[in-house]
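The values are calculated or read from the model by the stated rules, or taken from the named source; none is laboratory data. This structure is a prediction, so every number in the text was calculated from the model and none was measured. Quick reminder, even Gly has a Cβ in these numbers, built from the backbone with ideal geometry, and neighbours come from all protein chains shown. In case anyone asks, the SASA skips ligands and DNA or RNA and just uses the protein heavy atoms, side chains included. Shrake-Rupley method; radii C 1.70, N 1.55, O 1.52, S 1.80 Å.
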Amino acid sequence: MRKSGRTVTRRVIGAGIAGAAMAGGLALAAAPANAEPLPKVEPTVENAAPTLDNIKLAIDRATVSHPELAPAGEIALSLLPKY
């Protein structure tokens, strides 16, 4: 006996919904009831300093290896915040 495509599709969709509901239930059960929310970190220049340093280093390396990019590198560096 052959199953129609609709029956298989409905079973797959049903299994997906049931799996998502089970995963959500497990996630709620695993979280402690008295858990405090994580502190919010406001984005500031000081928080982004390592990333900005990496960007500046990449621009410097690109301008050293390709001198024709020096004007674009200067523009890019002028757009980054000073800290």
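Quick look at the values:
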{"item": "Residue in segment 5-45 that is modelled with the highest pLDDT, counting only those that are surrounded by 10 or more Cβ atoms within 10 Å (Cβ to Cβ) and within 30 Å of Lys82 (Cα to Cα)", "result": "Thr44"}
{"item": "Long-range neighbours under 8 Å by Cβ, at least six apart or interchain, first residue closer than 25 Å to Pro43 by Cα within segment 59-83, second of a type in the set (Asp, Glu) and outside any helix (DSSP H, G or I)", "result": "Tyr83/Glu46"}
{"item": "Residues (open to solvent by 80 Å² or more (accessible area, probe 1.4 Å) and either part of a loop (DSSP other than H, G, I, E, B) or of a type in the set (Val, Ile, Thr) (or both)) located in segment 54-83", "result": "Val64, His66, Ile75, Lys82, Tyr83"}
